[in-house]
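This report concerns only the one structure given below.
Please treat every number below as a calculation from the coordinates, not as lab data. Quick caveat, the model's predicted, so the values are computed rather than measured. Every residue, glycine as well, gets a Cβ built from its backbone with ideal geometry; the counts of neighbours run over all protein chains shown.
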Amino acid sequence: MHPPPLLAPSILAGDHANLRDAMQQVENAGASWIHIDIMDGHFVPNLTFGSQTVADLRPHSNLFFDTHLMLANPADYIEAFAKAGANLISIHIEPDYPIFETLHRIRELSCQCGIVLNPPTKVDDILPFLPHVDLALVMTVNPGFGGQSFMADQLPKVEVIAGERKKQGLDFRLEVDGGVGPTNWQSCRDAGADTFVAGTSFFKSENPGGFLQTVES
Ligand code: DX5
Ligand code: ZN
């Protein structure tokens, strides 16, 4: 199973004084997904948006809200983000909380669910969750900030997860996030990724629509 390639521009790299406009730029470029990074200042050393921001953006777009929770206690916030209009909620495997239950709860709330691993985390740790998710996300930077350098040494994890997907006949999306742009997205695709988060490379591009078309054609 190999879902069609998708670019998911990350609103983190947009103008936070005008997020609605940033979302419009994503829509105008022809995207169908937007990636929304939620950071709590505990699990990662930065703060971004809360569920109120997601709820306020929701009526202004039909984009698919790919919501990436970087929270020490994600289980406590699932309801809030589902209610705010997230379409997919991704949770990390590193904090200590009931992960299977939380994935199940996300689906009960009519959202798709995703599981995420950080660069220092072993790929084996994510494998038990693969049959239970709509998306697996391999971080290609240590999360917390946009504009960091892509870590090519994470690509073998993408290969392992893509191999498991094929072996088990699963159909989740396989996403990469962090430092992804025109010069390296193809190496991610070659490793088996089909969903490419692009923050800085999208918003700083002179032709974001061109990048999107290259990826999605
Ligand atoms: C990093 C976030 C990313 C971020 C990527 O912690 O999870 O989604 O927006 O930004 P770039 O593409 O600039 O690395
Ligand atoms: Zn992200």
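Binned at 10 Å from 0, what are the whole-percent values of the Cα-Cα distance distribution for the chain, short to long?
Cα pair-distance distribution for the chain, in percent: 9, 38, 40, 13, 0.
GluC sites (Glu not before Pro), restricted to segment 98-177: which are DSSP loop and have at most 11 other Cβ atoms within 10 Å?
Details: sites: 101, 108, 159, 164, 175; in loops: none.
The qualifying sites: there are none.
Among 165, 173, which comes first, then next, by fewest other beta-carbon atoms within 10 Å?
On the way: 165 22, 173 25.
Ranked by crowding around the Cβ, least crowded first: 165, 173.
Among all lysine pairs in the chain that are eight or more places apart or on different chains, how many have alpha carbons less than 26 angstrom apart? Display every interim value, and only then the final one.
On the way: 122/157; 122/166; 122/167; 157/166; 157/167.
Pairs that pass both the separation and distance tests number 5.
How big is the antiparallel share of DSSP beta bridges in the chain, given as a percent to the nearest 5?
Working: 1 of 33 bridges.
So the antiparallel bridges amount to about 5 percent of the total.
Let's see if you can work this out: charge +1 on each Lys and Arg Cβ, -1 on each Asp and Glu Cβ, no other charges. What is the dipole magnitude of the chain about its Cα centre, in debye to the nearest 20?
On the way: 13 positive and 26 negative charges, 55 e Å.
Roughly 260 debye for the chain.
So, in Å, what gap is there between the alpha-carbon centers of segment 39-58 and segment 60-94?
Result: 10 Å between the Cα centres.
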